[in-house]
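Report on the following structure.
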Amino acid sequence: MTADVDVRHLSANFGGHVGSVGVGLVNMGVDIGEQYYTDDMEVEDGHAYRRRHGQIRFVTSDNDESEGDSDIESVGPPRPPARETSPDVSSIDSNHIKEKVLRESGRWTSNKKSRLTIPTLAHLMQRREIGMDARHHFTKGDQCLVNSRFLPNRYEKLASYHHKVFCGTYSQSGDIFLSACQDQHVRIYDTKQGNFELMKTIRARDVGWSVLDVAFSPDSNYMIYSSWSDCIHLCNIHGDHDVHESLVLSPGEHSFCIFSLMFSCDNREIIGGANDGCLYIYDRESNQRTLKIDAHDDDVNCVSFADNSSQILYSGGDDGLCKVWDRRTLREDSPAPVGVMAGHVDGITYIDTKGDARYFVSNSKDQTIKLWDNRMFSPKEGVEATKKAVSSQRWDYRWQQVPRNLNRKKSVSGDTSVMTYRGHCVLHTLIRARFSPAFTTGQRYIYSGCATGSVVVYDLLTGKVVKNLDGGHRSCVRDVSWHPYENNIISSSWDGTVGKWGYFDYWAHEAEEGEEKLGEDLEEEDDGRFSYRTRRQTAFKRSDRSRCKDEKNGCFNKLYD
């Protein structure tokens, strides 16, 4: 395998089509990811596209390499991401979000001394029993505070397929889970009362490469999915009769794909981001595309509404920029965003909103997540600096290792982000990162999939990794979804599995020193589940005993840590 291509022989060797080059690379074991190529692309345009994305380099007679390419390595197992030991918190400490998150997660008090006098769960329960400021119950913040001590720590495999899993998300109520796989099937699971039972399987239509995104309607009665197709598809979840409609977007392109899509909160419109750099808005009442907005200079990888009003929306693209749009002023003849956020040095893979029309996070191929305040737009020089940094990238995240210079801590001129998070790996595909639920955590955390097969959980205010959930998957975790009302995370991986991370009390199941458990004893299986084995006198393996001690020590940490 080589990334060096002599373009004089490119057309001759692959029949004159760049799309055939993509097929050839796949046959050599290279996964070309979301950016899928077809034979309809012109050779000249294809060369420019592939060179911009680092897939080919022009080989000269002396075969010299530029300094920027010297640290780029070919495909291989992802290197463990470097964690940042001392994140810069100067911006977030002076931003209103700090007080907001502290209040919502139960950690805020105007009296700092009082804040330090509630170090453990026992103290919190004691205060509840003696009145707790005239209240005899836990507030929502108190509940979030308690839940923070029981973060997911144990893996259970829920489903296994023969192809890569691209998408997996809970509904707003948490009663339904939607999973999309490269086998061209969308599976709907019933997750009520801790179950995970298959309700319905939908055979996707007109699929190129894979189903790339799925989304629930606000009432969870319908779902939509997208792929390399001129249409997005609408299907019903409930009902005796199946609905499977094609919603034509009429892009006017030979090779077209919606990478990200979402319902508006009033259920009237569907918004999508496409590989032609445009935003598409489809009106469900008139049953037609109503707007096509020229939004980015490259692929639009992610879109999201800012809140339930469906008026403000965000988009992120391979040009490294996040843009804020006002739905009420969108016009095809004047596609001007409200503002632009600059600071990443490579393409954006995902955007998730906090739901308050003010804050959102973006995941990027530059191996960082950034937190943004949409009142703090980047100046023109910041936008130009980001464009320059992105255009200088000469690697392809789909089959090359992360260049070592990307792991160096550096900032772009005009970066207006509130916080930057480092400690996960973005390779192969558009990996997603999200805010943790408001109900159980007060949105205290940001969590992300990782190319190493783990799920990484960050503290939003400190930027530190508080949980690295590994050992469950053997390949890239593309999508992650935290149950809105329960303390579990479902991860969807390219190893073909869907797994659930839940809290398990190792301490409670540890045999005390000198105690022998007779009869049937609990032991961990290879797939992360538990089964009972006879003739064993210990409850856990030595590795579990070691982890038990860590969990036990963590129980006595301050709740405000």
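The values are calculated or read from the model by the stated rules, or taken from the named source; none is laboratory data. Please read all numbers here as calculations on a predicted model, not as lab measurements. Heads up, the Cβs are rebuilt from the backbone with ideal geometry, glycines too, and the neighbour counts pull from every protein chain shown. Note: accessible area is taken over every heavy atom of the protein model, side chains too, but ligands, DNA and RNA are not part of it. Shrake-Rupley method; radii C 1.70, N 1.55, O 1.52, S 1.80 Å.
D240 meets the stated requirement of being exposed (fewer than 13 other Cβ atoms within 10 Å of the Cβ) and either part of a loop (DSSP other than H, G, I, E, B) or modelled with pLDDT under 95 (or both). Condition (residue is over 27 Å from N236 (Cα atoms), surrounded by fewer than 20 Cβ atoms within 10 Å (Cβ to Cβ) and modelled with pLDDT of 95 or more) applied to region 287-295: is it met by at least one residue? Yes, region 287-295 contains at least one residue that is over 27 Å from N236 (Cα atoms), surrounded by fewer than 20 Cβ atoms within 10 Å (Cβ to Cβ) and modelled with pLDDT of 95 or more.
For region 341-350, the criterion of a residue being open to solvent by 10 Å² or more (accessible area, probe 1.4 Å), modelled with pLDDT of 95 or more and farther than 26 Å from P80 by Cβ is satisfied by no position. Test S210 against the stated conditions and say whether it is touching a strand residue (DSSP E or B) at 6+ places or on another chain (Cβ under 6 Å), modelled with pLDDT under 95 and open to solvent by less than 30 Å² (accessible area, probe 1.4 Å). Yes: the conditions hold for S210. Can you tell me which residue is nearest to R434 (Cα to Cα) among those in region 304-318 that are of a type in the set (A, V, I, L, M) and open to solvent by less than 10 Å² (accessible area, probe 1.4 Å)? Top of the filtered list is A306. Test D333 against the stated conditions and say whether it is within 21 Å of the chain's Cα centre (by Cα) and over 17 Å from C231 (Cα atoms). No.
Is at least one residue of region 81-90 at pLDDT 90 or above, of a type outside the set (A, V, I, L, M) and surrounded by 11 or more Cβ atoms within 10 Å (Cβ to Cβ)? Yes, region 81-90 contains a residue that is at pLDDT 90 or above, of a type outside the set (A, V, I, L, M) and surrounded by 11 or more Cβ atoms within 10 Å (Cβ to Cβ). In summary, Y485 fulfils each of the numbered conditions (1) aromatic (F, W, Y); (2) assigned to a loop (DSSP other than H, G, I, E, B); (3) open to solvent by less than 10 Å² (accessible area, probe 1.4 Å) with the single exception of condition (3). Among all positions in region 457-478, there is no residue which is crowded, with 20+ Cβ neighbours inside 10 Å and out of contact with any strand residue (DSSP E or B) (no Cβ under 9 Å at 6 or more places or on another chain).
Of the residues making up region 370-422, those that are of a type in the set (K, R), outside any loop (DSSP other than H, G, I, E, B) and surrounded by 15 or more Cβ atoms within 10 Å (Cβ to Cβ) are K370, K387, R422.
Scanning region 310-337 for residues that are in contact with a helix residue (DSSP H, G or I) (Cβ under 8 Å, 6 or more places away or on another chain) and among the β-branched types (V, I, T) gives a single hit, I312.
Taking V101, is it hydrophobic (A, V, I, L, M, F, W, C), in a helix (DSSP H, G or I) and at pLDDT 90 or above?
yes
Exactly one residue out of P403, P437 is farther than 27 Å from M376 by Cα and touching a residue at least 40 places away in the same chain (Cβ under 8 Å): that is P403. Here is a check on your reading of the model: is G174 buried (at least 16 other Cβ atoms within 10 Å of the Cβ) and in contact with a Pro (Cβ under 8 Å, 6 or more places away or on another chain)? Criteria met by G174. Out of region 200-221, which residues are touching a residue at least 24 places away in the same chain (Cβ under 8 Å) and assigned to a strand (DSSP E or B)? Once the filter is applied, which keeps residues that are touching a residue at least 24 places away in the same chain (Cβ under 8 Å) and assigned to a strand (DSSP E or B), region 200-221 yields K200, I202, D213, V214, A215, F216.
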